[in-house]
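Rule-based calculations on the coordinates, nothing more; no lab input. Computed from a predicted structure; not experimentally measured. Methodologically, a virtual Cβ is constructed for each residue, glycine included, from the backbone with ideal geometry; neighbour enumeration extends over all protein chains shown.
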Amino acid sequence: MRKGIVIFNLKTYVQVNFNESLKILKEIESLNDERIYLSPPINSLDYLNIRKKKCQIISQNVDSIETGAFTGSTNLELLMKNKVDGTLINHSERRAEKQFVRKVCDYTKNTSFKTIICCENLREALEFQKYNPSYIAYEPRELIGSGISVSNAKPEIVKTFCSKIKNPLIGAGITSIQDVEKGIELGANGFLIASAFVKTKNKKKYAKQVLEILDTI
Ligand code: G3P
């Protein structure tokens, strides 16, 4: 498997209703590339998951582990049974207890289910690294949705983060292809991109350009 990945987080933007999420999946699937991860709103997760071909479909969150009486929760065991490819955990918009994050990593150990833990600083990242997740993503909360890229606003922190973390991803404010290039220069193995991707008209072209930059890793 090639090294870099890109996660397009559709959050719960109004533009990504059920039909639009499916349209986005179809567009990016035409690139036929396993490095694209799509994280749709929970409402369309399973619908997209059974229609994926090469793309990885991941959950935006998980909040219970074993199946059982957990009304309203996004359940890890069910995600795995339904062959969802992985999950974000501890996103700034959905923080989790450290002990819970650890349990999710332990539960998915030795499986192909990918755990992508988000963190807001290096201290958290180093703590999470002990749990052996698939990826750790640095996303400074204040830059999320700002259009000011983490790779430009915090190059020193990104560089240190990428040098100390095994599979480092970065996200927050990433908009242009230059922001992605800069992230690679600083050592990132991949990106989380939300608002810029949702807003862009030609999603296939945008995704293709990101993949071309990932080729340079
Ligand atoms: O999960 C990715 C996200 O939080 C970054 O958001 O809108 O700054 O790309 P955005």
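Residue pairs whose Cβ atoms lie under 6 Å apart, sitting 6 or more positions apart in sequence or on different chains, and linking a residue in segment 91-118 that is surrounded by fewer than 18 Cβ atoms within 10 Å (Cβ to Cβ) to a partner that is of a type outside the set (A, V, I, L, M) and in a helix (DSSP H, G or I), are Ser92/Arg141. For the criterion of being touching a Gly at 6+ places or on another chain (Cβ under 7 Å) and either closer than 19 Å to Ile217 by Cβ or within 15 Å of the ligand (Cβ to nearest atom) (or both), Gly173 passes. Assessment of segment 128-151 against the conditions (more than 13 Å from the ligand (Cβ to nearest atom), over 19 Å from Leu214 (Cα atoms), free of Cβ contacts under 8 Å to residues at least 60 places away in the same chain and buried (at least 21 other Cβ atoms within 10 Å of the Cβ)) yields at least one matching residue.
With respect to the conditions (1) touching a strand residue (DSSP E or B) at 6+ places or on another chain (Cβ under 7 Å); (2) in contact (Cβ under 8 Å) with a residue 12 or more places away in the chain; (3) hydrophobic (A, V, I, L, M, F, W, C), Phe70 lacks only one, and its number is (2).
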